[in-house]
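All of the numbers you see were taken from the coordinates with simple rules; none came from a lab. Fair warning: this is a prediction, and the values are worked out from it, not measured in the lab. Glycine gets a Cβ as well: all are built from the backbone with ideal geometry, and neighbour counts include every protein chain shown.
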């Protein structure tokens, strides 16, 4: 037979203090939530500098309104995502595509648009090749 010992719950204040000292997810979240609420209350009273900046200081580049007035070039759907990307690259005047082997649908679609595709073993080498290509061709 086992002997059962009854623990009276007289000292509940001591039990809650002991529970708060135990490191648990609930106690951790409770502490961080209280700290976050305090920080939010402090920051709410401060005004940010963004509200004080004059909106007229923002200058829109001339290219944005000009390109918005251009006619949209038609697309012949159904197209794959690779074909859409290749079409946009052609429309933007991309001179070359430097890539690592792997996405052959993309590479074939870009080559079909007439953009030369250059492949290499790793991204670092292709980045250097693209940098050299852009410096030579402008």
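On the basis of the beta-carbon distance and an R0 of 41 Å, residue 71 and residue 108 show a calculated FRET efficiency of 0.90. Using the Cβ-Cβ distance between residue 117 and residue 58 with R0 set to 41 Å, the FRET efficiency works out to roughly 0.55. Kirkwood hydrodynamic radius of the range 77-137, from the reciprocal of the average inverse Cα-Cα distance over all distinct pairs: 12.0 Å.
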